[in-house]
Structure formats: structure tokens, C-alpha cells
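The values are calculated or read from the model by the stated rules, or taken from the named source; none is laboratory data. Given the structure is predicted, the values throughout are model-derived calculations rather than measurements. Please note: Cβ atoms are built from the backbone with ideal geometry, for glycine as well, and neighbour counts cover all protein chains shown. Quick note on the areas: whole protein, heavy atoms, side chains included, nothing else; ligands and nucleic acids left out. Shrake-Rupley method; radii C 1.70, N 1.55, O 1.52, S 1.80 Å.
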Amino acid sequence: MKTRVNNITIAYDDEGRGMPIVLLHAFPLSRVMWAPQAAALVRAGRYRVIRPDLRGFGESGGAEAPATMEQFAADTLGLLDQLGIERFVLGGLSMGGYAAFAIYRARPQAVRALVLADTRPQGDTPEGKAGRETTAQMAEREGAAAIAADWLARFFPPEVNAPAELQERVRQIIMDNDPRGIAAAARGMALRPDSHGTLATITCPTLILVGDRDKITPLSDAQAMASAITNAQLVTIPDAGHLANLEQPDAFNQALLSFLGAL
Ligand code: MLT
């Protein structure tokens, strides 16, 4: 489905009926990455799953605009307002988690529960910010294929042991993105604030998920978030790296369904 939000096209899937669950994707992927979770939640029969392509990704527009986490938050809340959804469970993986913090800051009362997967509260270090600019320029000069090669190596180092078929699927998701959108989000992530202060304000039930082999947002980040959020539980996904939802969908879905079932 497509709609206009904040003067750009936002593409999204809206499936199932029941408690609204909003899922925000990682960088540099798209809403397609949540397909295994959307299928499991819809099959459970009690959830309405809304997964947008963040601006500049997938089939959404706005690739040329700055893509701060606050902008992603404004776009997502604008979409949810159009859909008449006032309260929802909010889930994000990695960059999706950074955007989830911004949504929580903007409208905490709207968040029924949080799912923070393979993400972290801290902003980028100076080296990290420089790396974002390198990524942005690589996207602009060499296109999505170069970004896919670079990020596949980060997501799937040898110890993650991801099947070739999964790596190809992720490559395709990245390749389907507009390189300008990738560049905009890389620069937007460099601007994101530290969210440690936000953690202390989170009062809703929170599920923290992390792949035990995640090297990008490792277990130590997940543990730090779990101890800073009052009502948090941490579940480690065995034999998974950064894209735990795609690498071990069954274990990820089981943790998600059991958390949601207890709300
Ligand atoms: C992601 O998966 O969204 C990215 O790895 C986030 C990041 O680069 O910080």
C-alpha cells in the first residue's frame, strides 16, 4: 500500500487484525526484512502488523531529503495517524530501534510496548560518523551494489555462518533501494542523539532481542539497555548475528509471540 505523508510517498504493509504492531527495518534494508515476523504474527490471529518502508528505502519516496531519526519518527507517526492507530507495540531492529527511540521521545503515551532488536542507545563516535560519510559517498558514487557488498560482509562475517541463500536474499533487499536514500539515512544516523537518557524514561513493557553473534550491536549493548529500562526482558537468540530476525526466524518469532501474548 502507498500513501502520502509529510509530502512524500510512504509504502507500507498493513496485515492482520488486532493489537497494532509497528515494525521498523534496519539499514540499508526495507520492510521486506520483516516478512517472517509479519507472517507469524498474522497467523497468530490477534495482531495487525504495520511495516513501513522508511523514507528513502524500498518503495517509499523522499530519498533526497535528510533522513534523521526524528524525520523517520514523524513519518511513521503521520502514517499511524492516517490509519487511525493511537496506541501500538513498536518494534525496531538496529536503525529501526534508533527510530523507535525517537518515536518514544515524541509520543511516549502511544507506545503500548517496545521491542528493541539488535540495536543500541549510543550515538556514533567521531570515527563512526566519518564511516557514515564514507558509506554515504560510496552509495552516491558506486550505487546500491557496492553498499550491498560492504554491508553483507558486516552482517555476515564467517563466524555468523549465514547460509548463502539468506545472504543473497539480503543482497537483493539492499539492491532494491535507491542509493540516495541509503546516503540520506547514513548521514541521518550520524546525527542521531545519544538515547541513554530516553532509556530511563521508558516505562512500558520492553523486549530486548539480540543475536548471540551480533558484532554490530553486541550482547553488551543489549545488556546495558536491559538494565537501564525498568520493565525490560532480554532474550538472546542463539546462532544469530545482527539480522537475528532473518537468521533465526523461529526463535525470534517465538520470543516475540510470547512477549506479546503476555501483554
Ligand atoms: C542497521 O542494521 O540498521 C545498521 O547496522 C545500523 C548501524 O549501522 O548503526
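Output the number of residues of the stretch 58-79 satisfying the condition of being among the hydrophobic types (A, V, I, L, M, F, W, C), open to solvent by less than 20 Å² (accessible area, probe 1.4 Å) and touching a helix residue (DSSP H, G or I) at 6+ places or on another chain (Cβ under 9 Å).
At the first step, the residues of the stretch 58-79 found to be among the hydrophobic types (A, V, I, L, M, F, W, C) are 63, 65, 67, 69, 72-74, 77, 79.
From the residues that got through so far, the ones that are open to solvent by less than 20 Å² (accessible area, probe 1.4 Å) too are 63, 67, 69, 72-73, 77, 79.
Cutting the leftovers down to touching a helix residue (DSSP H, G or I) at 6+ places or on another chain (Cβ under 9 Å) gives us 63, 67, 69, 72-73, 77.
Residues that pass the stated criteria total 6.
Checking the condition farther than 20 Å from V32 by Cα and touching an Asp or Glu at 6+ places or on another chain (Cβ under 7 Å), which residue from G84, G78, G123 passes?
Details: G84 fails: touching an Asp or Glu at 6+ places or on another chain (Cβ under 7 Å); G78 fails: touching an Asp or Glu at 6+ places or on another chain (Cβ under 7 Å).
When all the criteria are applied, what remains is G123.
Out of contact with any helix residue (DSSP H, G or I) (no Cβ under 8 Å at 6 or more places or on another chain), at pLDDT 95 or above, of a type outside the set (S, T, Y) and crowded, with 18+ Cβ neighbours inside 10 Å, is that true of G91?
So G91 fails the test.
Table: residues versus (1) away from the ligand (no atom under 13 Å from the Cβ); (2) assigned to a helix (DSSP H, G or I).
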| residue | (1), (2) |
| --- | --- |
| F72 | no, yes |
| G78 | yes, yes |
| D81 | yes, yes |
| I85 | yes, no |
| G96 | no, yes |
| R105 | yes, yes |
| D124 | no, no |
| M138 | yes, yes |
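Filtering the stretch 220-233 down to residues that are open to solvent by less than 60 Å² (accessible area, probe 1.4 Å) and out of contact with any Lys or Arg (no Cβ under 7 Å at 6 or more places or on another chain), which residue is farthest from R120 (Cα to Cα)? Lay out the reasoning, then the answer.
Keep residues of the stretch 220-233 that are open to solvent by less than 60 Å² (accessible area, probe 1.4 Å), which gives 221-222, 224-226, 228-229, 232.
Now drop any that are not out of contact with any Lys or Arg (no Cβ under 7 Å at 6 or more places or on another chain), which leaves 222, 224-226, 228-229, 232.
Working: A222: 7, A224: 9, M225: 7, A226: 11, A228: 12, I229: 13, A232: 14 Å.
Ranking the qualifying residues of the stretch 220-233, first place goes to A232.
P126 meets the conditions (1) touching a residue at least 24 places away in the same chain (Cβ under 8 Å); (2) open to solvent by 50 Å² or more (accessible area, probe 1.4 Å) in every case but one. The failed one is (1).
Going by what's in this entry, would T119 be described as open to solvent by less than 10 Å² (accessible area, probe 1.4 Å), hydroxyl-bearing (S, T, Y) and in a loop (DSSP other than H, G, I, E, B)?
On the way: open to solvent by less than 10 Å² (accessible area, probe 1.4 Å): yes; hydroxyl-bearing (S, T, Y): yes; in a loop (DSSP other than H, G, I, E, B): yes.
Answer is yes for this residue.
The set of residues from the stretch 7-32 being within 16 Å of the ligand (Cβ to nearest atom) and within 16 Å of D176 (Cβ to Cβ) comprises H25, A26, F27, P28, L29, S30, R31, V32.
Filtered by the rule that a residue be closer than 13 Å to A162 by Cα and touching a strand residue (DSSP E or B) at 6+ places or on another chain (Cβ under 7 Å), the stretch 217-250 gives A240, G241, H242, A244, N245, E247, Q248.
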